[in-house]
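Comments concern the structure below.
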Protein chains: 2
Amino acid sequence: MKTETEPGDERPTLKTIAFLTGLGVTTVSRALKNGPEIGEETKERVRQIAKQVGYRPNRAGVRLRTGKTNVISLILNTEEGAMGLVSEMVYGITEALADTPYHLVITPYSLSDPMEPVRYIVETQSADGVIISRTEPRDPRVSYLLEHNLPFATHGRTDMGVVHPWHDYDNESYAYNAVKLLAGRGRKRIALSGPPPQLLYARHTARGFERAMRDFKLEIFPLSALNLDAPADEIRRSGREIGMASDRPDGIVCSSAMSALGLVGGLEEAGLKIGRDIDIVTKQSSSFIGWYKPEILTIREDFRIAGRDLAKSVLAWIEGADPASLQHLVGPESAL
Amino acid sequence: MKTETEPGDERPTLKTIAFLTGLGVTTVSRALKNGPEIGEETKERVRQIAKQVGYRPNRAGVRLRTGKTNVISLILNTEEGAMGLVSEMVYGITEALADTPYHLVITPYSLSDPMEPVRYIVETQSADGVIISRTEPRDPRVSYLLEHNLPFATHGRTDMGVVHPWHDYDNESYAYNAVKLLAGRGRKRIALSGPPPQLLYARHTARGFERAMRDFKLEIFPLSALNLDAPADEIRRSGREIGMASDRPDGIVCSSAMSALGLVGGLEEAGLKIGRDIDIVTKQSSSFIGWYKPEILTIREDFRIAGRDLAKSVLAWIEGADPASLQHLVGPESAL
DNA sequence: ATTGCGTTCTGTAACGTTACAGAATTGGAG
DNA sequence: CTCCAATTCTGTAACGTTACAGAACGCAAT
């Protein structure tokens with residue numbers, strides 16, 4: 001016969017439903033998974049009762065039995081300062097995970113050992129998939145995860161002749177469009193304040209910039225030593241110097257809102273008026289630039305879209321999709 | 001997706017250690033928990049082997065058996081725009097969780113149903129503790145969690161005659177110090193651009209502001225309709241109007257970096273120079289203000305500390321501490 | 001000797017789930 | 001009527017852990 005009496009007070013389990021329907025636990029389990037060997041009528045009845053008692057599968061039970069964690073892990077470097085990036089990306093990921101059984105867990109790492117969280121996750125099997133930020137051109141985490149068959153997606157491309165899902169902002173297209181914007185406003189001498197040269201997307205940015213400069217027949221104002229990783233006051237000083245130079249540019253393409261702010265600060269110190277004497281274009285991930293200086297031209301980079309896309313790709317890979325089909329280059333103009 | 005099963009390739013469990021030591025699984029379990037009924041020598045031997053084989057307890061096993069999830073859930077509103085806040089707080093939390101078995105999972109909610117994630121966590125027992133942001137003076141989530149005996153901590157105080165752990169920035173002290181700063185620079189007519197009045201900390205801010213204004217015998221420039229929730233262009237326009245008023249203030253205390261930027265934009269449009277004609281003080285949670293306008297006076301609000309403190313409080317409550325002892329008001333001057 | 005007792009260890013069962021092998025019930029086909 | 005096969009359901013075992021009730025042992029007190 002069946003089991004003892006059910007108090008009804010506790011969290012409902014398969015057993016509860018089995019008791020209420022008079023079916024076996026196994027049958028209930030199969031029914032809720034819409035298994036083919038269960039009668040349609042029975043399935044419906046089980047589903048009804050399940051909804052009535054508010055059944056929610058116990059994650060620990062599933063995980064113990066099947067090994068499936070229903071967890072996506074976002075690996076974050078806690079030392080990076082990129083403010084808006086993290087929250088927006090997290091929001092995007094949670095959006096993509098909202099109607100799935102997946103949870104998002106944040107796994108931090110310090111620059112002293114970037115491999116640590118990845119190893120932890122693999123060794124303890126604590127996630128079904130991983131999202132990596134701050135991807136490097138040759139990223140050891142990527143090789144490690146591939147070796148251990150753990151699905152993942154990277155924010156930013158790699159350059160190691162290996163295929164995996166990624167999402168990247170189309171910085172080439174950004175730089176091209178930025179120049180185009182400046183050209184449209186009649187600017188002639190343009191400078192580029194790009195990312196640190198060792199990063200892959202510095203190359204993309206430079207390529208788009210140079211292509212546009214050729215296409216629109218503009219003059220490049222060289223700005224070698226300056227990049228986003230420079231300290232605030234240096235960028236600011238650099239802005240002042242640029243502003244005071246006799247052959248100063250009348251347009252600047254900038255790869256981050258932060259450095260744009262620094263430059264603008266310096267340029268204004270030098271007595272220039274943005275929008276009149278010089279135009280500056282920057283990427284913006286949140287709207288705060290508009291709060292202060294609407295004169296700064298902006299092209300959107302949406303990290304929420306990035307998060308959503310990365311999460312979707314990991315899920316797709318988990319479900320067996322071809323990783324080669326999960327690589328997305330998203331430009332300023334496109335919406336996902 | 002699955003690799004070949006190699007003999008020593010499996011993840012070690014208690015059974016593995018039991019086999020290696022010749023002990024029973026129970027003994028091994030008790031030994032690793034440093035239980036009193038196990039011989040000291042045995043414990044040491046078990047610990048050694050465990051370390052050797054790299055034993056890590058299986059979370060699903062523990063969770064299924066004991067109900068302990070080792071999860072802290074951070075409940076986030078995905079519609080809020082406060083950029084730096086989230087990432088810094090997340091980092092702070094992960095710091096506090098770093099040397100514990102706890103994981104951080106992000107649970108999002110939309111403004112349309114703030115109770116949803118809290119209910120979910122309680123019903124599915126999916127966390128041992130919860131951290132709540134955007135706390136309201138009378139917060140239904142707080143009552144609900146108290147009712148269901150789930151430990152939690154709130155970012156911001158409540159006003160419902162009920163005791164629970166919280167962490168709050170001392171906005172009264174901030175406003176007082178901000179005025180003091182302006183007074184020290186010889187400013188006489190000060191305006192306050194505070195938080196939306198329905199929020200609890202608007203009251204705190206106003207109190208500190210008014211107290212300082214009395215203490216330093218300054219004149220309040222009234223600024224009724226303006227608060228942080230106003231749209232960007234309105235704040236900007238407001239700044240311009242203030243700047244052009246004949247009785248304009250010579251100092252402004254501002255509750256957020258964003259609105260400070262808007263105001264400064266407007267003031268500069270009106271021809272004022274920050275630091276000469278008028279001084280403006282704002283809270284800053286990241287250093288980006290300094291990137292653009294070093295003339296803006298800033299007082300730090302550290303969300304990383306907030307995250308760390310909140311996480312520590314939740315853990316302490318879980319371990320049985322008195323919630324009344326887990327309430328921290330952190331001012332601009334104090335470090336935790 | 002027997003009893004009692006503390007110390008140290010052990011086996012069993014259970015948490016909720018699913019894989020698997022098997023059982024009961026149909027409805028035809030022989 | 002028997003037999004087969006498809007359909008639908010069931011019980012058992014296992015994932016890794018810990019609570020619990022006990023077992024084996026030495027040792028002291030009766």
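Values quoted throughout were computed directly from the atomic coordinates according to the rules given, and no laboratory measurement underlies them. Everything numeric here is computed off the predicted structure, so don't read it as measured data. Quick reminder, even Gly has a Cβ in these numbers, built from the backbone with ideal geometry, and neighbours come from all protein chains shown.
Equivalent ellipsoid of segment B:112-154: semi-axes from √(5λ) of the C-alpha gyration tensor, largest first, are 15, 12, 9 Å. Gyration tensor over the Cα atoms of segment A:236-295: the corresponding equivalent ellipsoid has semi-axes (square roots of 5 times the eigenvalues, largest first) of 19, 11, 10 Å. Extents of segment A:30-77, taken as max minus min of Cα coordinates on every principal axis and listed largest first, are 51, 23, 16 Å. Between segment B:263-336 and segment A:28-76, how many Å separate their Cα centres? Cα centroid of segment B:263-336 versus Cα centroid of segment A:28-76: 45 Å apart. Can you tell which of A:Gly186, A:Gly161, A:Gly265 shows the greatest fluctuation in a Gaussian network model of chain A with Cα springs below 10 Å? Judging by the Gaussian network model, the answer is A:Gly161. For the peptides B:281-288, B:243-250, A:37-44, residues were scored by their other Cβ atoms within 10 Å and the scores averaged per peptide; the highest-first order is B:281-288, B:243-250, A:37-44.
Taking the C-alpha atoms only, the angle from helix B:232-244 to the longest principal axis of chain B is near 30 degrees. In nanometers and ordered shortest first, the copy-to-copy spacing of the A:Arg189 label point, defined 7 Å from Cα toward Cβ, is 4.4. Name the shape class, rounded, prolate or oblate, that the alpha-carbon gyration tensor gives for segment A:199-277, where a ≥ b ≥ c are the square roots of its eigenvalues, rounded holds for a/c under 1.5, and otherwise prolate holds if a/b is larger than b/c and oblate otherwise. Oblate. Rg and Dmax, both from the Cα atoms of segment A:165-206 and both in Å, are 11.9, 40. Each Lys and Arg contributes +1 and each Asp and Glu -1, all at the Cβ; summed about the Cα centre of the protein assembly as shown, the dipole is approximately 160 debye. Close amide H partners of B:Lys283, meaning residues 5 or more places away or on another chain with modelled amide H under 5 Å apart, are B:Cys254, B:Ser256, B:Ala257, B:Ile299. Every Cα-Cα pair of segment A:141-200 was included, and the share exceeding 15 Å stands at 63 percent. Among B:Leu32, B:Leu74, B:Leu145, the largest mean-square fluctuation in a Gaussian network model of chain B (Cα springs under 10 Å) belongs to B:Leu32. What do you get for the angle between helix B:40-53 and the principal long axis of chain B? Use alpha-carbon atoms, 0 to 90 degrees, nearest ten. It is inclined by approximately 70 degrees. Normalised by residue count, segment B:30-178 yields a Cα convex hull volume of 180 Å³ per residue. The percentage of C-alpha pairs in segment B:78-151 whose separation is greater than 19 Å is 41%.
Helix A:171-184 and the long axis of chain A differ in direction by around 40°, with both axes built from C-alpha atoms. Taking only the Cα atoms of segment A:272-336, the radius of gyration and Dmax are 17.2, 56 Å. Amide hydrogen proximity for B:Leu76: with H placed 1.01 Å from N in the peptide plane, the residues at 5 or more positions away or on another chain lying under 5 Å are B:Thr107, B:Tyr109. Once the mean of 1/r is taken over each pair of separate Cα atoms and inverted, chain A shows a Kirkwood hydrodynamic radius of 23.1 Å. Dividing the mean sequence gap of close Cα pairs (under 8 Å, 6+ apart) by how many residues segment B:59-196 holds gives a relative contact order of 21 percent. In plain terms, the C-alpha convex hull of segment B:181-336 casts an average shadow of 10.3 nm² when viewed from every direction. Expressed as a whole percent, the proportion of Cα-Cα pairs in the protein assembly as shown lying more than 42 Å apart is 36%.
Each other copy holds its own label point for B:Pro140; taking that point as 7 Å from Cα along Cα to Cβ, the gaps run 5.1 nm, nearest first.
In percent, rounded to a whole number, the relative contact order of chain B is 18, using alpha-carbon pairs under 8 Å and six or more apart. Across the copies of the chain, B:Asp113 has label points (7 Å from Cα along Cα→Cβ) spaced 4.3 nm apart, shortest distance listed first. I want to verify a result. In a Gaussian network model of chain B, Cα cutoff 10 Å, which of these has the top mean-square fluctuation: B:Ser255, B:Ser29, B:Ser325? Highest fluctuation of the listed residues: B:Ser29.
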